[in-house]
Amino acid sequence: MLRYSDAKEIPAAQLKELFSSVRWESAKYPERLERAMKGFSAVFSAWDGERLVGLLAAMDDGEMTAYVHYLLVSPDFQGQGVGKKLIAEALGRYRGYVRVVLHAEGKAASFYRPLGFEEMDAVSMCYVPAEGK
């Protein structure tokens, strides 16, 4: 049975394993991920024993808008409701906000639509400083 947590203290090795499992580039920076978790407004995680199998991290302005920055689930646990549970935790945390925003690429949008998310008329942009490469 999975255990869910809202603790921000997640070991770097666990973060590296989860981010690597979904082939996210952030896996290259496990210590930075560990520190970053402490800076998010909300972190929700799913655990199978001592193994991190799902994670949602969000930022907010304290009143109106929240941004889901990370939502990832280990491939071994996808399709089992883990992502939906993590989204439900975040939407509960941000009940009363004007909006909860996230960026979805490719077929990920089909996961979010049934959960009440709608497409926005927006352009995603990114700036990567030379030292961030």
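Could we say that Val68 is modelled with pLDDT of 95 or more, more than 13 Å from the chain's Cα centre (by Cα) and under 28 Å from Asp121 (Cβ atoms) here? Spell out how you get there, then give the answer.
On the way: modelled with pLDDT of 95 or more: yes; more than 13 Å from the chain's Cα centre (by Cα): no; under 28 Å from Asp121 (Cβ atoms): yes.
Criteria not met by Val68.
Do we find that Met37 is aliphatic (A, V, I, L, M) and outside any helix (DSSP H, G or I) in this structure?
no
Report, by residue number, each residue of region 92-107 that is without any contact (Cβ under 8 Å) to a residue 24 or more places away in the chain and either assigned to a loop (DSSP other than H, G, I, E, B) or within 21 Å of Leu52 (Cα to Cα) (or both).
Arg95, Gly96, His103, Ala104, Glu105
Filtering region 6-43 down to residues that are more than 13 Å from the chain's Cα centre (by Cα) and of a type in the set (Gly, Ala, Ser), which residue is surrounded by the most Cβ atoms within 10 Å (Cβ to Cβ)?
That would be Ser21.
Any idea how many residues of region 109-129 are under 19 Å from Arg99 (Cβ atoms), among the aromatic types (Phe, Trp, Tyr) and assigned to a loop (DSSP other than H, G, I, E, B)?
Result for region 109-129: 1.
The values are calculated or read from the model by the stated rules, or taken from the named source; none is laboratory data. Note that the structure is predicted; figures quoted are calculated from it, not measured. We place every Cβ from the backbone using ideal geometry, glycine too, and count neighbours over all the protein chains shown.
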